[in-house]
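One structure is given here, and the rest of the page talks about it.
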Amino acid sequence: MKRLFKWLSIGLVALGLVLLLPVSAYAATPEEDEKEDDKDAEKKSDEDSDEDKDAEEGDAEEDAAEEEDTEEEENAALFGADDELPASDEEAEAEAEPEKARVLHGEYMKSITFSTDDGWFKFQPRGWVQPRYGLHINGEASDELAGSGFSLKRARFGFQAHMFDFARVYLDTGWSKGNANLVDFFIDVDPFDGMVALRAGYFRPWFGRQLLMATTQLQMIEYAQAWQDEWLGLDLGRDLGFGLFGMIADTVEYGLGVWNGREGFSLGPRFSPNGVPAPANIDYMLGGRIAVHPLAPMGVGTTLPLGDVSDTAISDKPALSLGVAMLYNKRHDRDIFIPSLGAYNLYYDSQLKFGVDLGFKMKGLSVLGEFFLTKVSIQDDAHPDIKTAVTAYNDSASDPWNIDGTGIGAYGQVGYFILPHQLEAAVRFDMVDENTDLRGTRLFPGAGLTYYFFGNNLKAQLMYRINVGTGYEEMDPTTSLPDAGYIDTTHDIFLMLQAAI
(Lines give C-alpha, C1' and ligand atoms only; values in the text may rest on other atoms or scores of the structure.)
Protein backbone atom coordinates (compact mmCIF):
# COMPACT_ATOMS: atom_id res chain seq x y z
CA MET A 1 0.00 0.00 0.00
CA LYS A 2 2.77 2.32 0.96
CA ARG A 3 4.52 1.57 -2.35
CA LEU A 4 1.29 2.17 -4.24
CA PHE A 5 0.68 5.44 -2.45
CA LYS A 6 4.26 6.49 -3.14
CA TRP A 7 3.89 5.93 -6.89
CA LEU A 8 0.55 7.73 -6.92
CA SER A 9 2.15 10.73 -5.27
CA ILE A 10 5.00 10.76 -7.79
CA GLY A 11 2.47 10.54 -10.65
CA LEU A 12 0.42 13.48 -9.38
CA VAL A 13 3.54 15.65 -9.04
CA ALA A 14 4.63 14.80 -12.57
CA LEU A 15 1.14 15.60 -13.91
CA GLY A 16 1.25 18.95 -12.12
CA LEU A 17 4.58 19.82 -13.64
CA VAL A 18 3.30 18.98 -17.10
CA LEU A 19 0.30 21.24 -16.62
CA LEU A 20 2.36 24.17 -15.26
CA LEU A 21 4.96 24.26 -18.06
CA PRO A 22 2.81 26.14 -20.71
CA VAL A 23 1.78 28.77 -18.21
CA SER A 24 5.36 29.36 -17.11
CA ALA A 25 6.39 29.87 -20.74
CA TYR A 26 4.07 32.91 -21.06
CA ALA A 27 4.52 34.36 -17.61
CA ALA A 28 5.84 38.02 -17.31
CA THR A 29 8.88 39.10 -15.49
CA PRO A 30 8.58 41.12 -12.27
CA GLU A 31 9.49 44.41 -14.11
CA GLU A 32 6.84 43.74 -16.69
CA ASP A 33 4.33 43.04 -13.98
CA GLU A 34 5.06 46.46 -12.47
CA LYS A 35 4.52 48.16 -15.86
CA GLU A 36 1.24 46.37 -16.34
CA ASP A 37 0.16 47.43 -12.90
CA ASP A 38 0.99 51.09 -13.76
CA LYS A 39 -1.04 50.90 -17.00
CA ASP A 40 -3.99 49.42 -15.22
CA ALA A 41 -3.83 52.26 -12.70
CA GLU A 42 -3.77 54.96 -15.43
CA LYS A 43 -6.69 53.29 -17.25
CA LYS A 44 -8.68 53.23 -14.11
CA SER A 45 -7.82 56.91 -13.49
CA ASP A 46 -8.98 57.85 -17.06
CA GLU A 47 -12.21 55.97 -16.61
CA ASP A 48 -12.80 57.79 -13.35
CA SER A 49 -12.10 61.14 -15.10
CA ASP A 50 -14.55 60.34 -17.97
CA GLU A 51 -17.18 59.46 -15.45
CA ASP A 52 -16.59 62.80 -13.70
CA LYS A 53 -16.92 64.69 -17.05
CA ASP A 54 -20.12 62.88 -17.96
CA ALA A 55 -21.48 63.75 -14.59
CA GLU A 56 -20.56 67.43 -15.06
CA GLU A 57 -22.13 67.54 -18.55
CA GLY A 58 -25.28 65.92 -17.25
CA ASP A 59 -25.46 68.51 -14.51
CA ALA A 60 -24.98 71.33 -17.10
CA GLU A 61 -27.77 69.96 -19.34
CA GLU A 62 -30.06 69.71 -16.37
CA ASP A 63 -29.27 73.34 -15.45
CA ALA A 64 -29.90 74.53 -19.08
CA ALA A 65 -33.18 72.63 -19.21
CA GLU A 66 -34.22 74.23 -15.92
CA GLU A 67 -33.30 77.71 -17.29
CA GLU A 68 -35.25 77.04 -20.54
CA ASP A 69 -38.29 75.93 -18.57
CA THR A 70 -38.02 79.04 -16.45
CA GLU A 71 -37.76 81.29 -19.60
CA GLU A 72 -40.77 79.59 -21.17
CA GLU A 73 -42.75 80.14 -17.99
CA GLU A 74 -41.74 83.82 -17.97
CA ASN A 75 -42.66 84.24 -21.68
CA ALA A 76 -45.96 82.52 -21.12
CA ALA A 77 -46.67 84.91 -18.31
CA LEU A 78 -45.82 87.91 -20.54
CA PHE A 79 -47.35 86.85 -23.87
CA GLY A 80 -49.87 84.20 -22.94
CA ALA A 81 -49.56 80.45 -23.24
CA ASP A 82 -50.98 80.28 -26.82
CA ASP A 83 -49.36 83.43 -28.28
CA GLU A 84 -46.50 83.23 -30.75
CA LEU A 85 -43.22 84.32 -29.23
CA PRO A 86 -41.11 87.05 -30.84
CA ALA A 87 -38.67 85.71 -33.42
CA SER A 88 -35.02 85.51 -32.57
CA ASP A 89 -32.53 87.86 -34.23
CA GLU A 90 -31.43 85.12 -36.63
CA GLU A 91 -35.03 84.29 -37.56
CA ALA A 92 -35.90 87.97 -38.00
CA GLU A 93 -32.96 88.49 -40.35
CA ALA A 94 -33.98 85.44 -42.39
CA GLU A 95 -37.58 86.68 -42.65
CA ALA A 96 -36.51 90.25 -43.54
CA GLU A 97 -34.30 89.07 -46.40
CA PRO A 98 -35.56 90.95 -49.55
CA GLU A 99 -36.84 89.26 -52.68
CA LYS A 100 -34.38 88.69 -55.45
CA ALA A 101 -34.31 91.54 -57.98
CA ARG A 102 -35.79 90.82 -61.40
CA VAL A 103 -33.23 90.69 -64.18
CA LEU A 104 -33.79 93.13 -67.06
CA HIS A 105 -32.85 91.98 -70.57
CA GLY A 106 -32.45 94.08 -73.69
CA GLU A 107 -33.24 93.08 -77.26
CA TYR A 108 -33.94 94.59 -80.65
CA MET A 109 -36.60 93.27 -83.00
CA LYS A 110 -38.03 96.21 -84.97
CA SER A 111 -37.90 98.15 -81.69
CA ILE A 112 -35.62 98.37 -78.67
CA THR A 113 -37.10 96.48 -75.73
CA PHE A 114 -35.97 96.07 -72.13
CA SER A 115 -37.99 93.44 -70.26
CA THR A 116 -37.98 90.96 -67.40
CA ASP A 117 -38.29 87.21 -67.99
CA ASP A 118 -41.60 87.00 -66.14
CA GLY A 119 -43.19 89.78 -68.20
CA TRP A 120 -43.70 91.94 -65.11
CA PHE A 121 -42.07 94.96 -66.75
CA LYS A 122 -41.27 96.01 -70.32
CA PHE A 123 -39.85 99.34 -71.50
CA GLN A 124 -39.65 100.46 -75.13
CA PRO A 125 -38.10 103.81 -76.10
CA ARG A 126 -39.67 105.22 -79.25
CA GLY A 127 -38.57 107.84 -81.69
CA TRP A 128 -38.70 108.75 -85.35
CA VAL A 129 -37.67 111.53 -87.68
CA GLN A 130 -39.17 112.43 -91.06
CA PRO A 131 -37.19 115.00 -93.09
CA ARG A 132 -39.11 115.99 -96.21
CA TYR A 133 -38.76 118.01 -99.39
CA GLY A 134 -41.90 119.51 -100.91
CA LEU A 135 -42.25 121.01 -104.38
CA HIS A 136 -45.44 123.08 -104.79
CA ILE A 137 -46.43 124.14 -108.30
CA ASN A 138 -49.05 126.82 -107.83
CA GLY A 139 -50.47 127.11 -111.34
CA GLU A 140 -51.37 130.69 -112.27
CA ALA A 141 -50.16 132.23 -109.03
CA SER A 142 -47.64 135.01 -109.27
CA ASP A 143 -45.07 132.96 -107.35
CA GLU A 144 -45.40 129.60 -109.02
CA LEU A 145 -43.19 127.70 -106.52
CA ALA A 146 -44.22 129.43 -103.30
CA GLY A 147 -43.96 127.18 -100.29
CA SER A 148 -41.41 124.80 -101.79
CA GLY A 149 -38.41 123.67 -99.79
CA PHE A 150 -37.14 121.37 -97.05
CA SER A 151 -38.99 120.78 -93.82
CA LEU A 152 -39.04 118.43 -90.88
CA LYS A 153 -42.42 116.77 -91.15
CA ARG A 154 -42.14 115.13 -87.75
CA ALA A 155 -39.51 114.57 -85.07
CA ARG A 156 -40.81 112.53 -82.17
CA PHE A 157 -39.38 110.91 -79.08
CA GLY A 158 -41.07 109.04 -76.24
CA PHE A 159 -41.61 105.64 -74.73
CA GLN A 160 -44.15 103.04 -73.75
CA ALA A 161 -43.83 100.98 -70.59
CA HIS A 162 -45.82 97.86 -69.70
CA MET A 163 -46.11 97.14 -65.98
CA PHE A 164 -47.66 94.48 -63.73
CA ASP A 165 -49.04 92.53 -66.72
CA PHE A 166 -52.03 94.89 -67.07
CA ALA A 167 -50.90 98.54 -67.28
CA ARG A 168 -49.22 100.64 -69.95
CA VAL A 169 -47.88 104.21 -69.91
CA TYR A 170 -47.38 105.96 -73.27
CA LEU A 171 -45.53 109.25 -73.83
CA ASP A 172 -44.85 110.96 -77.15
CA THR A 173 -43.25 114.39 -77.60
CA GLY A 174 -42.73 116.42 -80.75
CA TRP A 175 -39.59 118.48 -81.41
CA SER A 176 -39.27 121.57 -83.57
CA LYS A 177 -36.38 124.07 -83.59
CA GLY A 178 -35.17 122.87 -80.20
CA ASN A 179 -38.57 123.12 -78.52
CA ALA A 180 -40.58 120.14 -77.31
CA ASN A 181 -44.35 119.87 -77.13
CA LEU A 182 -46.55 117.15 -75.71
CA VAL A 183 -48.18 114.96 -78.38
CA ASP A 184 -49.56 111.98 -76.42
CA PHE A 185 -49.48 111.12 -72.74
CA PHE A 186 -51.86 108.53 -71.35
CA ILE A 187 -52.15 105.37 -69.28
CA ASP A 188 -53.99 102.17 -70.19
CA VAL A 189 -55.24 99.76 -67.54
CA ASP A 190 -56.11 96.36 -69.01
CA PRO A 191 -57.07 93.77 -66.35
CA PHE A 192 -59.19 91.67 -68.75
CA ASP A 193 -56.67 90.66 -71.40
CA GLY A 194 -57.74 93.21 -74.02
CA MET A 195 -61.50 92.77 -73.72
CA VAL A 196 -62.08 95.87 -71.58
CA ALA A 197 -59.37 98.46 -70.95
CA LEU A 198 -59.43 101.97 -69.50
CA ARG A 199 -57.50 104.83 -71.08
CA ALA A 200 -57.05 108.21 -69.39
CA GLY A 201 -54.89 111.16 -70.33
CA TYR A 202 -54.09 113.18 -73.45
CA PHE A 203 -54.79 111.22 -76.65
CA ARG A 204 -56.66 111.17 -79.96
CA PRO A 205 -60.43 110.62 -79.77
CA TRP A 206 -61.57 107.36 -81.35
CA PHE A 207 -62.87 108.51 -84.72
CA GLY A 208 -62.14 107.10 -88.17
CA ARG A 209 -59.37 104.71 -89.11
CA GLN A 210 -56.47 106.41 -90.88
CA LEU A 211 -56.14 109.17 -88.29
CA LEU A 212 -55.72 106.62 -85.48
CA MET A 213 -52.74 104.94 -87.16
CA ALA A 214 -49.18 105.71 -86.14
CA THR A 215 -47.64 108.29 -88.48
CA THR A 216 -44.70 105.92 -89.03
CA GLN A 217 -47.05 103.42 -90.70
CA LEU A 218 -48.81 105.68 -93.23
CA GLN A 219 -48.87 104.25 -96.73
CA MET A 220 -48.51 107.70 -98.31
CA ILE A 221 -46.65 110.74 -97.02
CA GLU A 222 -49.76 112.87 -96.47
CA TYR A 223 -53.04 112.03 -94.79
CA ALA A 224 -56.14 112.14 -96.96
CA GLN A 225 -57.12 115.78 -97.47
CA ALA A 226 -60.53 115.18 -95.91
CA TRP A 227 -58.78 114.79 -92.57
CA GLN A 228 -56.94 118.10 -92.98
CA ASP A 229 -59.80 120.30 -94.18
CA GLU A 230 -60.34 123.14 -91.74
CA TRP A 231 -64.09 123.46 -92.06
CA LEU A 232 -64.85 119.75 -91.77
CA GLY A 233 -62.74 119.78 -88.63
CA LEU A 234 -62.10 116.04 -88.63
CA ASP A 235 -58.48 116.24 -87.47
CA LEU A 236 -59.26 116.73 -83.82
CA GLY A 237 -55.69 116.47 -82.66
CA ARG A 238 -55.31 115.25 -79.08
CA ASP A 239 -57.55 116.08 -76.16
CA LEU A 240 -57.84 115.40 -72.44
CA GLY A 241 -60.33 112.70 -71.56
CA PHE A 242 -60.89 109.08 -70.71
CA GLY A 243 -62.67 106.09 -72.23
CA LEU A 244 -63.01 102.35 -72.60
CA PHE A 245 -61.67 100.28 -75.48
CA GLY A 246 -60.99 96.67 -76.38
CA MET A 247 -61.60 93.69 -78.65
CA ILE A 248 -64.29 91.10 -77.92
CA ALA A 249 -63.85 87.55 -79.23
CA ASP A 250 -61.61 88.78 -82.07
CA THR A 251 -64.76 90.11 -83.69
CA VAL A 252 -65.94 93.43 -82.20
CA GLU A 253 -63.49 96.29 -81.68
CA TYR A 254 -64.60 99.42 -79.83
CA GLY A 255 -63.40 102.70 -78.32
CA LEU A 256 -65.83 104.98 -76.46
CA GLY A 257 -64.92 108.10 -74.52
CA VAL A 258 -65.53 111.65 -73.31
CA TRP A 259 -63.14 114.56 -73.87
CA ASN A 260 -62.99 118.25 -73.03
CA GLY A 261 -63.85 119.21 -76.59
CA ARG A 262 -62.97 122.13 -78.85
CA GLU A 263 -61.66 124.53 -76.23
CA GLY A 264 -60.02 121.90 -74.08
CA PHE A 265 -60.24 124.12 -70.98
CA SER A 266 -62.65 126.85 -69.92
CA LEU A 267 -61.73 130.37 -71.02
CA GLY A 268 -63.72 131.91 -68.20
CA PRO A 269 -67.00 133.89 -68.34
CA ARG A 270 -67.89 135.61 -71.59
CA PHE A 271 -70.99 137.59 -72.54
CA SER A 272 -73.86 136.61 -74.81
CA PRO A 273 -75.81 139.11 -76.96
CA ASN A 274 -78.57 139.47 -74.37
CA GLY A 275 -76.09 140.64 -71.77
CA VAL A 276 -76.20 137.51 -69.64
CA PRO A 277 -72.70 136.23 -68.72
CA ALA A 278 -71.94 132.95 -70.41
CA PRO A 279 -70.81 130.34 -67.89
CA ALA A 280 -67.25 129.11 -67.84
CA ASN A 281 -67.84 125.85 -69.63
CA ILE A 282 -65.67 123.13 -71.08
CA ASP A 283 -67.05 121.94 -74.40
CA TYR A 284 -67.39 118.26 -73.62
CA MET A 285 -67.22 115.94 -76.60
CA LEU A 286 -68.74 112.45 -76.54
CA GLY A 287 -68.51 109.54 -78.92
CA GLY A 288 -66.27 106.83 -80.30
CA ARG A 289 -65.89 104.09 -82.86
CA ILE A 290 -67.10 100.49 -83.21
CA ALA A 291 -65.78 98.05 -85.83
CA VAL A 292 -66.46 94.43 -86.70
CA HIS A 293 -64.08 91.85 -88.19
CA PRO A 294 -66.45 89.41 -89.92
CA LEU A 295 -63.86 87.02 -91.36
CA ALA A 296 -62.20 86.12 -88.06
CA PRO A 297 -65.10 84.24 -86.40
CA MET A 298 -65.79 82.34 -89.61
CA GLY A 299 -62.24 80.99 -89.59
CA VAL A 300 -61.55 82.11 -93.15
CA GLY A 301 -59.61 85.24 -92.20
CA THR A 302 -58.10 87.31 -89.41
CA THR A 303 -58.81 90.54 -87.57
CA LEU A 304 -57.63 93.88 -88.93
CA PRO A 305 -57.14 96.10 -85.86
CA LEU A 306 -55.87 99.65 -86.12
CA GLY A 307 -52.24 99.68 -87.15
CA ASP A 308 -50.22 99.26 -90.28
CA VAL A 309 -52.34 100.07 -93.34
CA SER A 310 -49.98 98.26 -95.72
CA ASP A 311 -49.86 94.48 -95.89
CA THR A 312 -46.16 94.41 -95.02
CA ALA A 313 -46.45 90.81 -93.77
CA ILE A 314 -47.85 89.62 -97.15
CA SER A 315 -50.54 87.73 -95.23
CA ASP A 316 -51.99 84.49 -96.57
CA LYS A 317 -55.41 84.95 -94.99
CA PRO A 318 -57.70 87.90 -95.73
CA ALA A 319 -58.40 90.51 -93.05
CA LEU A 320 -61.48 92.73 -93.19
CA SER A 321 -62.70 95.52 -90.91
CA LEU A 322 -65.94 97.55 -91.11
CA GLY A 323 -66.27 100.50 -88.75
CA VAL A 324 -68.65 103.30 -87.81
CA ALA A 325 -67.82 106.37 -85.70
CA MET A 326 -69.61 109.39 -84.26
CA LEU A 327 -68.67 112.42 -82.14
CA TYR A 328 -70.88 115.15 -80.70
CA ASN A 329 -69.50 118.46 -79.47
CA LYS A 330 -71.40 121.48 -78.18
CA ARG A 331 -69.16 124.50 -78.71
CA HIS A 332 -69.20 127.67 -76.62
CA ASP A 333 -66.46 129.67 -78.28
CA ARG A 334 -67.97 130.95 -81.56
CA ASP A 335 -68.00 134.66 -82.35
CA ILE A 336 -69.89 136.50 -85.08
CA PHE A 337 -70.32 140.18 -85.88
CA ILE A 338 -73.95 141.33 -85.47
CA PRO A 339 -74.55 144.72 -87.17
CA SER A 340 -77.61 145.53 -85.06
CA LEU A 341 -75.50 145.19 -81.92
CA GLY A 342 -72.35 146.65 -83.45
CA ALA A 343 -69.99 144.06 -82.00
CA TYR A 344 -68.76 140.49 -82.15
CA ASN A 345 -70.80 138.31 -79.87
CA LEU A 346 -70.51 134.86 -78.39
CA TYR A 347 -72.91 132.18 -79.46
CA TYR A 348 -73.24 128.43 -79.04
CA ASP A 349 -73.50 125.78 -81.72
CA SER A 350 -73.33 122.01 -81.89
CA GLN A 351 -71.12 119.92 -84.12
CA LEU A 352 -71.95 116.35 -85.10
CA LYS A 353 -69.38 114.22 -86.92
CA PHE A 354 -70.20 110.86 -88.46
CA GLY A 355 -67.97 108.43 -90.32
CA VAL A 356 -67.78 104.92 -91.77
CA ASP A 357 -64.57 103.09 -92.69
CA LEU A 358 -63.41 99.93 -94.44
CA GLY A 359 -60.07 98.14 -94.38
CA PHE A 360 -58.86 95.03 -96.19
CA LYS A 361 -55.52 93.18 -96.55
CA MET A 362 -54.32 90.02 -98.29
CA LYS A 363 -51.17 88.85 -100.11
CA GLY A 364 -49.61 92.30 -100.33
CA LEU A 365 -52.84 94.05 -101.38
CA SER A 366 -54.41 96.64 -99.07
CA VAL A 367 -57.61 98.66 -99.44
CA LEU A 368 -58.67 101.56 -97.22
CA GLY A 369 -61.70 103.80 -97.57
CA GLU A 370 -63.63 106.28 -95.40
CA PHE A 371 -66.63 108.59 -95.68
CA PHE A 372 -67.32 111.54 -93.34
CA LEU A 373 -70.13 113.94 -92.66
CA THR A 374 -69.95 117.06 -90.49
CA LYS A 375 -73.10 118.89 -89.41
CA VAL A 376 -72.87 122.26 -87.66
CA SER A 377 -76.09 123.69 -86.22
CA ILE A 378 -77.01 126.86 -84.36
CA GLN A 379 -78.70 126.09 -81.06
CA ASP A 380 -82.48 126.44 -81.11
CA ASP A 381 -82.38 128.82 -78.15
CA ALA A 382 -79.90 131.18 -79.82
CA HIS A 383 -80.63 134.90 -79.80
CA PRO A 384 -82.67 135.97 -82.90
CA ASP A 385 -79.97 138.44 -83.92
CA ILE A 386 -77.50 135.54 -83.95
CA LYS A 387 -79.66 133.56 -86.36
CA THR A 388 -80.15 136.59 -88.60
CA ALA A 389 -76.43 137.33 -88.68
CA VAL A 390 -75.55 133.69 -89.43
CA THR A 391 -78.00 133.62 -92.35
CA ALA A 392 -76.59 136.87 -93.75
CA TYR A 393 -73.04 135.60 -93.34
CA ASN A 394 -73.82 132.35 -95.15
CA ASP A 395 -75.47 134.21 -98.04
CA SER A 396 -72.55 136.60 -98.49
CA ALA A 397 -70.92 136.17 -101.92
CA SER A 398 -67.79 137.90 -100.73
CA ASP A 399 -66.85 135.03 -98.46
CA PRO A 400 -67.02 131.42 -99.66
CA TRP A 401 -67.03 130.16 -96.07
CA ASN A 402 -70.18 129.64 -94.05
CA ILE A 403 -70.88 129.15 -90.38
CA ASP A 404 -73.39 126.34 -90.24
CA GLY A 405 -74.41 123.62 -92.66
CA THR A 406 -73.38 120.14 -93.75
CA GLY A 407 -70.05 119.13 -95.22
CA ILE A 408 -68.81 115.79 -96.52
CA GLY A 409 -65.48 114.19 -97.30
CA ALA A 410 -64.33 110.80 -98.56
CA TYR A 411 -61.35 108.93 -99.93
CA GLY A 412 -60.41 105.55 -101.31
CA GLN A 413 -56.87 104.17 -101.24
CA VAL A 414 -55.32 101.01 -102.71
CA GLY A 415 -51.77 99.72 -102.20
CA TYR A 416 -49.85 96.72 -103.53
CA PHE A 417 -46.33 95.35 -103.04
CA ILE A 418 -44.61 95.16 -106.42
CA LEU A 419 -41.62 93.60 -104.68
CA PRO A 420 -42.74 91.68 -101.55
CA HIS A 421 -41.69 93.45 -98.33
CA GLN A 422 -39.66 96.04 -100.28
CA LEU A 423 -41.41 98.15 -102.92
CA GLU A 424 -45.04 99.23 -102.61
CA ALA A 425 -47.17 101.36 -104.93
CA ALA A 426 -50.33 103.18 -103.81
CA VAL A 427 -53.04 105.36 -105.38
CA ARG A 428 -55.70 107.47 -103.71
CA PHE A 429 -58.72 109.51 -104.76
CA ASP A 430 -59.79 112.12 -102.22
CA MET A 431 -62.66 114.65 -102.21
CA VAL A 432 -64.03 117.41 -99.95
CA ASP A 433 -67.31 119.30 -100.18
CA GLU A 434 -67.27 121.78 -97.34
CA ASN A 435 -70.94 122.63 -97.67
CA THR A 436 -73.44 120.70 -99.74
CA ASP A 437 -75.55 123.85 -100.21
CA LEU A 438 -72.76 126.27 -101.15
CA ARG A 439 -69.50 126.40 -103.09
CA GLY A 440 -68.04 123.58 -105.13
CA THR A 441 -66.06 120.42 -104.55
CA ARG A 442 -62.32 119.89 -104.23
CA LEU A 443 -60.63 116.78 -105.60
CA PHE A 444 -57.20 115.41 -104.66
CA PRO A 445 -56.13 112.38 -106.74
CA GLY A 446 -52.61 111.17 -105.96
CA ALA A 447 -50.12 108.32 -106.13
CA GLY A 448 -47.07 107.20 -104.20
CA LEU A 449 -44.15 104.77 -103.95
CA THR A 450 -42.50 103.42 -100.81
CA TYR A 451 -39.22 101.54 -100.61
CA TYR A 452 -38.71 99.66 -97.35
CA PHE A 453 -35.03 99.25 -96.42
CA PHE A 454 -35.96 97.75 -93.06
CA GLY A 455 -39.74 97.79 -92.68
CA ASN A 456 -41.14 100.97 -91.19
CA ASN A 457 -37.88 101.48 -89.29
CA LEU A 458 -36.16 102.79 -92.41
CA LYS A 459 -37.99 103.67 -95.59
CA ALA A 460 -38.11 106.27 -98.39
CA GLN A 461 -41.37 107.62 -99.85
CA LEU A 462 -42.36 109.57 -102.94
CA MET A 463 -45.81 111.11 -103.48
CA TYR A 464 -47.53 113.17 -106.18
CA ARG A 465 -50.88 114.92 -105.70
CA ILE A 466 -52.97 117.19 -107.90
CA ASN A 467 -55.42 119.62 -106.30
CA VAL A 468 -58.47 120.42 -108.44
CA GLY A 469 -61.45 122.65 -107.69
CA THR A 470 -64.70 122.01 -109.52
CA GLY A 471 -68.01 123.92 -109.36
CA TYR A 472 -66.48 127.08 -107.96
CA GLU A 473 -66.72 128.86 -111.33
CA GLU A 474 -70.49 129.14 -110.90
CA MET A 475 -70.10 131.49 -107.96
CA ASP A 476 -70.48 135.24 -108.53
CA PRO A 477 -67.03 136.61 -109.49
CA THR A 478 -68.19 140.27 -109.43
CA THR A 479 -67.06 140.94 -105.89
CA SER A 480 -64.33 142.95 -104.28
CA LEU A 481 -62.18 139.85 -103.96
CA PRO A 482 -60.11 139.00 -107.05
CA ASP A 483 -61.08 135.70 -108.65
CA ALA A 484 -63.64 135.09 -105.89
CA GLY A 485 -64.88 131.54 -105.90
CA TYR A 486 -62.17 130.34 -108.23
CA ILE A 487 -59.52 127.81 -107.17
CA ASP A 488 -56.40 127.24 -109.24
CA THR A 489 -55.29 123.72 -110.07
CA THR A 490 -52.05 123.06 -108.20
CA HIS A 491 -49.57 120.20 -107.95
CA ASP A 492 -47.56 118.83 -105.01
CA ILE A 493 -44.56 116.52 -105.09
CA PHE A 494 -43.15 115.20 -101.82
CA LEU A 495 -40.04 113.17 -101.04
CA MET A 496 -39.48 111.92 -97.51
CA LEU A 497 -37.05 109.68 -95.63
CA GLN A 498 -38.12 108.03 -92.36
CA ALA A 499 -35.99 106.49 -89.62
CA ALA A 500 -37.65 105.05 -86.52
CA ILE A 501 -36.74 103.02 -83.43
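Structure notes:
- In the range 161-182, the condition of being among the basic types (Lys, Arg) and touching a helix residue (DSSP H, G or I) at 6+ places or on another chain (Cβ under 7 Å) is met by no residue.
- Among residues of the range 236-252 that are without any contact (Cβ under 8 Å) to a residue 40 or more places away in the chain, those with a beta-carbon under 9 Å from a residue that is surrounded by fewer than 14 Cβ atoms within 10 Å (Cβ to Cβ) at least six positions away or on a different chain give the pairs 240/265.
- Qualifying residue in the range 144-163 (condition: over 22 Å from residue 324 (Cβ atoms) and of a type in the set (Ser, Thr, Tyr)): yes
- Counting only residues that are surrounded by 20 or more Cβ atoms within 10 Å (Cβ to Cβ) and under 25 Å from residue 435 (Cβ atoms), the range 230-244 holds 2 of them.
- Every residue from the range 393-422 that is modelled with pLDDT of 75 or more, hydrophobic (A, V, I, L, M, F, W, C) and part of a loop (DSSP other than H, G, I, E, B): none
For (1) at pLDDT 60 or above; (2) assigned by TED's automatic domain parsing to the domain that holds residue 219; (3) closer than 30 Å to residue 422 by Cβ, each residue gets a yes or a no:
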position	(1), (2), (3)
264	no, yes, no
272	no, yes, no
287	yes, yes, no
297	yes, yes, no
308	yes, yes, yes
311	yes, yes, yes
314	yes, yes, yes
317	yes, yes, yes
330	yes, yes, no
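- Residues satisfying the stated conditions in the range 339-383, i.e. part of a strand (DSSP E or B), at pLDDT below 70 and out of contact with any Ser or Thr (no Cβ under 9 Å at 6 or more places or on another chain): 343, 344
- Restricting attention to the range 444-474, the residues being assigned to a loop (DSSP other than H, G, I, E, B) and aromatic (Phe, Trp, Tyr) number 1.
- Residue 197 being closer than 21 Å to residue 447 by Cβ and crowded, with 20+ Cβ neighbours inside 10 Å: no
- The residue pairs whose first member lies in the range 201-224 and is closer than 21 Å to residue 374 by Cα and touching a residue at least 24 places away in the same chain (Cβ under 8 Å), whose second member is aliphatic (A, V, I, L, M) and not in a loop (DSSP other than H, G, I, E, B), and whose beta carbons are closer than 6 Å, counting only pairs six or more residues apart or on different chains, are 207/325; 207/327; 208/325.
- Any chance residue 122 is among the basic types (Lys, Arg), without any contact (Cβ under 8 Å) to a residue 12 or more places away in the chain and assigned by TED's automatic domain parsing to the domain that holds residue 409: no
- Matching residues in the range 250-262 - criterion: being modelled with pLDDT of 90 or more and surrounded by fewer than 21 Cβ atoms within 10 Å (Cβ to Cβ): 251, 252, 254, 256, 258
The values are calculated or read from the model by the stated rules, or taken from the named source; none is laboratory data. If you're wondering where the values come from, they're calculated on a predicted model, not measured in any experiment. Note that each Cβ is placed from the backbone with ideal geometry, even for glycine, and that neighbours are counted across all protein chains shown.
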